[in-house]
Each structure stands twice: as structure tokens, then as C-alpha cells.
1. Out of Ile237, Ile198, Ile215, which single residue is among the hydrophobic types (A, V, I, L, M, F, W, C), crowded, with 18+ Cβ neighbours inside 10 Å and out of contact with any Leu (no Cβ under 7 Å at 6 or more places or on another chain)?
2. Answer yes if at least one residue in region 45-59 is aliphatic (A, V, I, L, M), under 21 Å from Leu422 (Cβ atoms) and surrounded by fewer than 24 Cβ atoms within 10 Å (Cβ to Cβ), and no otherwise.
3. Would you mind listing the strands (runs of 3 or more DSSP E) fully within region 304-384 where at least 1 residues are within 22 Å of the chain's Cα centre (by Cα)?
4. Tell me which residues, restricted to region 101-134, are at pLDDT 95 or above, near the ligand (Cβ under 10 Å from one of its atoms) and of a type in the set (Gly, Ala, Ser).
5. So, Ala273, is that one out of contact with any His (no Cβ under 7 Å at 6 or more places or on another chain), of a type in the set (A, V, I, L, M, F, W, C), away from the ligand (no atom under 14 Å from the Cβ) and open to solvent by less than 40 Å² (accessible area, probe 1.4 Å) or not?
6. Do we find that Thr306 is under 23 Å from Val6 (Cα atoms), open to solvent by 40 Å² or more (accessible area, probe 1.4 Å) and at pLDDT below 95 in this structure?
7. List, please: which pairs have Cβ atoms under 9 Å, are six or more places apart or on different chains, and start with a residue in region 286-307 that is within 14 Å of the ligand (Cβ to nearest atom) and end with one that is part of a strand (DSSP E or B) and open to solvent by 80 Å² or more (accessible area, probe 1.4 Å)?
8. Quick check on my filter: what residues within region 396-425 are within 12 Å of Asn335 (Cα to Cα) and open to solvent by 20 Å² or more (accessible area, probe 1.4 Å)?
Amino acid sequence: MTVTIVGSQLGDEGKGRVVDLLGEPADVVVRYQGGDNAGHTVVDGDTKYKLSLVPSGAIRGKVGLLGNGVVINPRTFFDEVDGLREQGLDPTVKMAKRAHVIMPYHRAIDGIEEAAKADSDLEAGTTGRGIGPTYEDKAGRRGIRIGDLLDSTVLRERLEYVMPHKRALYEEVYGGDPGAAFDIEALFEEFSEFGERIRSEGLAVDVGTYLEDRIAAGDRVMLEGAQGTSLDIDHGIYPYVTSSNPTAGYASTGSGLGVTEVGQGSVIGVIKAYLSRVGTGPLPTELDGDLAEYIREEGGEYGTVTGRPRRVGHLDMPMLRTATRANGFTDIAINHLDVLAGLDEVKVGHAYEHDGETRDTMPATTERWGECEPVYRTFEGWSDVDWEAVAATGFKALPEPAKEYVSYIEAELGVPAVALGLGPARETAIVREDPWA
Ligand code: IMP
């Protein structure tokens with residue numbers, strides 16, 4: 001049995017905490033796309049774990065898997081695993097032999113290409129982790145996979161093939177001065193060592209087969225998306241997107257499980273009660289001034305990976321309707337309801353006005369999206385209360401206006417909210433339905 005968790009907006013919806021909250025009965029937690037551009041914060045008592053590659057479930061004693069759809073930077077991976085070990089945890093994390101490796105030159109190219117694009121306002125505001133260049137090489141059939149790190153002949157062949165291409169791009173297109181990140185011998189040495197460590201710790205597996213066996217044995221599998229639907233390279237606000245597919249269909253492709261297997265389980269869309277955005281591009285419900293500042297501070301809206309202050313906006317319902325269709329959500333989870341507490345009123349972008357028409361969903365091009373004028377609905381605000389006490393009692397204890405807000409979102413999307421986040425800790429969440437039941 002599977003449960004899939006997907007971001008329904010622009011990333012940072014609090015997927016990690018939903019995985020943590022609903023993942024208790026899971027035996028295995030799988031990431032199916034993205035890389036160390038993702039940031040998950042998991043709070044356990046007084047301890048905060050900031051993870052970017054290790055699936056959040058791995059800190060709760062579950063097997064964590066990085067599927068073939070993930071791009072893996074071994075430097076980040078081992079730093080993170082070693083850091084968790086220093087904090088007294090011993091996570092079991094395995095990675096797909098088919099997953100592609102983020103090499104130092106991918107990061108270098110990510111940085112120099114973004115700098116070049118800045119002149120034309122086309123930069124995506126990437127996390128600088130080399131995600132796009134790695135997926136480009138995957139699609140261009142010149143990538144290096146985890147399985148290649150285990151075979152020094154293949155690793156050398158791949159490096160020798162790819163390096164003239166990378167050096168030419170860096171030097172001749174972008175005018176950079178390639179350094180150690182482009183040095184075949186240095187890379188061969190470092191990445192062979194990673195291969196050795198992966199082999200000696202038994203970390204590389206054929207994830208699809210591994211999962212099939214676990215499911216056959218009765219295990220429960222949680223599939224954890226990174227980023228969000230509007231950052232999806234196909235369904236998002238291209239070109240201000242990430243280079244993978246956070247949407248639910250990729251939970252199958254990026255893990256090796258069949259779509260029918262994934263489709264038998266719940267697909268839960270995680271929603272932040274307002275909008276936040278790191279990166280560039282239009283944002284029709286964007287806020288500025290005091291209200292933006294208030295939400296940014298209350299919600300701690302600073303990037304987990306980059307520390308950048310996030311842009312914030314009102315909830316965008318056309319974005320959520322679009323995400324519900326693209327993913328086929330069976331349920332939703334709404335986070336950060338506590339952040340909006342204390343406001344006199346809460347506005348929601350209910351629809352858009354565009355070209356004299358009212359739209360309920362996002363247009364297919366980002367340029368038209370940028371022209372959309374939100375049509376707002378205003379809800380009564382709710383006061384700040386003891387959220388732990390509310391969570392202990394359940395949904396009926398929520399302030400009435402917050403209940404109305406949740407009911408409105410459920411009714412508009414036609415799916416139930418199975419979990420509500422009222423603060424970062426486990427004790428400040430309401431679970432209304434068990435997705436594994
Ligand atoms: P990249 O994934 O680093 O290539 O960045 C592409 C776009 O996705 C940029 O706008 C980033 O800010 C955004 N992005 C990537 N990962 C995350 C995330 O985990 N949360 C929010 N935005 C992200």
C-alpha cells in the first residue's frame with residue numbers, strides 16, 4: 001500500500017511535517033524527484049532536523065529511499081548522514097543505482113548560467129545546487145548515475161566523454177574559468193571514493209524491485225514529493241520552475257512503482273494556508289508592505305536551503321484547482337493556519353480576471369498568468385489561541401472562522417482536509433482521517 005505526498009503550490013508547504021505526521025505507520029519513505037534543493041524541517045521535541053536529501057521519515061526509524069528520479073549530490077548526502085549520526089541517529093537510507101549524480105561542474109554551471117540570465121530577467125532564482133544542469137545531462141544521455149560510481153571503468157569513460165562539453169559550455173558560452181570542478185582526475189578520485197563508500201555501506205539498490213518486494217511482504221510505502229506543483233517543469237510556471245516533476249505521476253516514474261500501485265493509494269496535496277515563493281517570476285496574489293512582513297515573520301518565511309526571505313501572497317485558489325486536477329488529489333492537508341491568526345480579515349484569491357473573462361484555473365502560459373488579476377473573497381480573521389489545546393481536542397475546537405476557511409477550501413477543491421497544521425511541532429496538528437485505513 002502507498003500514500004503519496006505532493007506540494008500543491010510553490011514548495012515549502014510543509015510536506016516534511018505531513019510525512020512525519022501521517023507517516024507513522026509507513027515502513028519505507030521514498031523521495032521520487034528533486035535533490036538537495038529541497039528543504040525539510042522536522043521538529044522532534046526540542047530538536048530541529050534540517051534535511052535536504054535524506055527523506056524525513058528516515059529520522060523516525062523508517063527505511064529512507066532516494067528513487068531513480070532523484071538527483072543526488074554525494075557530498076551533501078554524506079554530510080547529512082554523518083551530521084545525523086553525530087546527533088545520535090543512525091538513519092537507514094538507500095539510493096537508486098539509476099539515480100543521477102550531481103557533479104561539482106553541475107553546480108558551477110547552475111551558478112554561471114543564472115548570473116548570465118540575470119541580464120534578461122530570465123533567471124529562475126535557482127537554489128544553485130546544480131539541479132537543472134544535472135537533469136539536462138540526464139535527458140541529454142551524458143549523465144553519471146549512482147551505479148556508475150561503483151564501476152571505475154564506466155566512471156572514467158563517462159567523465160572523459162562529458163568533460164569537453166562541460167568545459168566548452170563554461171568557458172566559451174559563459175566566459176568562466178573552469179577550475180577543480182572540471183578536472184577529470186580530481187573528480188575521478190573523489191567520486192570513486194564515494195562509490196567505494198556506497199558499496200561498502202551497501203547503499204545502492206534497484207529501488208523499483210526493492211519496493212515491489214517490500215509491498216509484496218505487506219510493507220507500507222510513503223512517497224514524498226519535493227518542491228510543488230507550480231514548480232513542476234511540465235505543469236508549473238515555466239521557465240521559473242525546477243527541472244523535475246513534483247506532480248504525482250512522477251511518484252511512479254521516479255520510484256519504479258507502477259502507476260496502478262501508486263493510484264491505489266491516497267494522493268495528498270499539501271497546502272500552505274497562504275502563499276510563499278522563493279525565486280522569481282510573476283505572483284498574482286503577491287503581498288507587500290506590513291501584511292507581507294507580518295506573515296513572513298510569523299511564518300518564519302526564510303528559505304531552509306538558501307536562507308533567502310520568501311515572497312508571500314494570499315492563497316491562490318486557481319493554483320490549487322489546477323494542482324488538484326494535475327495530481328488527482330484524493331485528500332489535502334492544510335498547514336500554517338496558526339500563522340494567519342490575529343488578522344482582522346483573511347483574503348483569498350478565489351478566481352482571476354483575465355482579458356475580460358473570469359477564470360477558475362491557471363492559464364497554461366506564465367506570461368498570461370502574470371496578467372491575471374485576482375478576484376478576492378474576504379473571510380473573517382481568527383484569533384491566536386492555544387493551538388496545542390486545540391489540537392488535543394480536534395477540529396471542533398478550531399476558532400469558527402478558521403473552520404470556515406478550511407471548509408471553503410475543501411468545498412472548492414472537492415476533497416477532504418485530512419490533516420491540519422497549527423504549528424511546527426507534532427503536538428500542534430490535527431489528523432482527521434488515517435490515510436492508511
Ligand atoms: P532549482 O530547483 O534549484 O533549479 O530552482 C528552480 C526554482 O525552484 C527556483 O525558483 C527555486 O527557488 C525553486 N525551488 C527549488 N527547490 C525549492 C524548494 O524546495 N522550495 C521552494 N522553492 C524551490
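1. On the way: Ile198 fails: out of contact with any Leu (no Cβ under 7 Å at 6 or more places or on another chain); Ile215 fails: crowded, with 18+ Cβ neighbours inside 10 Å.
Result: Ile237 is the single residue among Ile237, Ile198, Ile215 that is among the hydrophobic types (A, V, I, L, M, F, W, C), crowded, with 18+ Cβ neighbours inside 10 Å and out of contact with any Leu (no Cβ under 7 Å at 6 or more places or on another chain).
2. The initial filter retains those residues of region 45-59 that are aliphatic (A, V, I, L, M), namely 51, 53-54, 58-59.
Retained after the next criterion (residues that are under 21 Å from Leu422 (Cβ atoms)): none.
Taking every residue of region 45-59 in turn, none turns out to be aliphatic (A, V, I, L, M), under 21 Å from Leu422 (Cβ atoms) and surrounded by fewer than 24 Cβ atoms within 10 Å (Cβ to Cβ).
3. Details: elements: 311-313, 331-335, 345-354, 357-359, 373-380.
Output list reads 311-313, 331-335.
4. Gly130, Gly132 - these are the residues of region 101-134 that are at pLDDT 95 or above, near the ligand (Cβ under 10 Å from one of its atoms) and of a type in the set (Gly, Ala, Ser).
5. It is false that Ala273 is out of contact with any His (no Cβ under 7 Å at 6 or more places or on another chain), of a type in the set (A, V, I, L, M, F, W, C), away from the ligand (no atom under 14 Å from the Cβ) and open to solvent by less than 40 Å² (accessible area, probe 1.4 Å).
6. Values: under 23 Å from Val6 (Cα atoms): yes; open to solvent by 40 Å² or more (accessible area, probe 1.4 Å): yes; at pLDDT below 95: yes.
When the stated conditions are applied, Thr306 passes them.
7. From residues that are within 14 Å of the ligand (Cβ to nearest atom), the pairs are Glu301/Pro309; Tyr302/Pro309; Gly303/Pro309; Thr304/Lys50; Val305/Lys50.
8. Across region 396-425, the qualifying residues are Pro424, Ala425.
The values are calculated or read from the model by the stated rules, or taken from the named source; none is laboratory data. Worth saying up front: this structure is predicted, and the values here are computed from it rather than measured. Backbone-built Cβ (ideal geometry, glycine too); neighbour counts: all protein chains shown. Only protein heavy atoms, including side chains, enter the accessible area calculation; ligands, DNA and RNA are left aside. Shrake-Rupley method; radii C 1.70, N 1.55, O 1.52, S 1.80 Å.
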